[in-house]
Amino acid sequence: MNVYEKLWTAIDLLIPLVTADMETFLVKDGEITEEDLNNYRNAVKKVKEAYKSSDINRSLQLVNEAVQILESIKPKKPFPPEMKIRFEELKDTLKSCVVEGKKE
């Protein structure tokens, strides 16, 4: 898979699930802060902008920024197992975009 295919996978499959997790049981239960939720939304914007960009270097920069933002999100208590799997899969997919992009 190339970078843009991986980004589409993140946008189409992973981000909606993680967003639902963040907005439903995590914020309501107080496990993450509104600031963390806003950071997550900012990371999602960067991923979508990266997908729309025709400049691969710009895309990789945006994805790298998104990964750093996602890494900064620290829940007050551990994510539930299914949420943790989805969140980590999102980060791993984005990280693999950066690695793949450096090869191209």
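Rule-based calculations on the coordinates, nothing more; no lab input. The structure presented is a predicted model; accordingly, all values stated were derived computationally and were not measured. Quick reminder, even Gly has a Cβ in these numbers, built from the backbone with ideal geometry, and neighbours come from all protein chains shown.
Things worth noting here:
- Loop-located trypsin sites (Lys or Arg not before Pro) in the range 1-76, at most 12 other Cβ atoms within 10 Å (DSSP): LYS76
- Gaussian network model of the chain, springs between alpha carbon atoms under 10 Å - residue of THR24, THR93, THR33 with greatest fluctuation: THR24
- Positive-pole candidate from GLN61, THR19, THR33, dipole of the range 1-98, charges at beta carbon: GLN61
- The alpha carbon centroids of the range 1-46 and the range 74-93 are separated by 10 Å.
- Distance between modelled label sites at GLU82 and ASN2, nm, 7 Å Cα→Cβ extension: 3.6
- Mean projected area in nm² (Cα convex hull; one quarter of hull surface) for the chain: 5.9
- FRET efficiency for ASP55 and LEU13, using Cβ-Cβ distance with R0 set to 25 Å, rounded to 0.05: 0.55
- Each residue of the range 41-48 was assigned a 3J(HN,Hα) from its phi angle through the Karplus curve 6.51 cos²θ - 1.76 cosθ + 1.60 (θ = phi - 60°); the sequence is 4, 5, 4, 4, 4, 5, 5, 5 Hz, with glycine and proline shown as x.
- For the range 87-100, backbone phi angles converted through the Karplus equation (6.51, -1.76, 1.60; θ = phi - 60°) give residue-by-residue couplings of 5, 5, 5, 4, 4, 5, 5, 5, 4, 5, 4, 5, 4, 4 Hz, Gly and Pro being listed as x.
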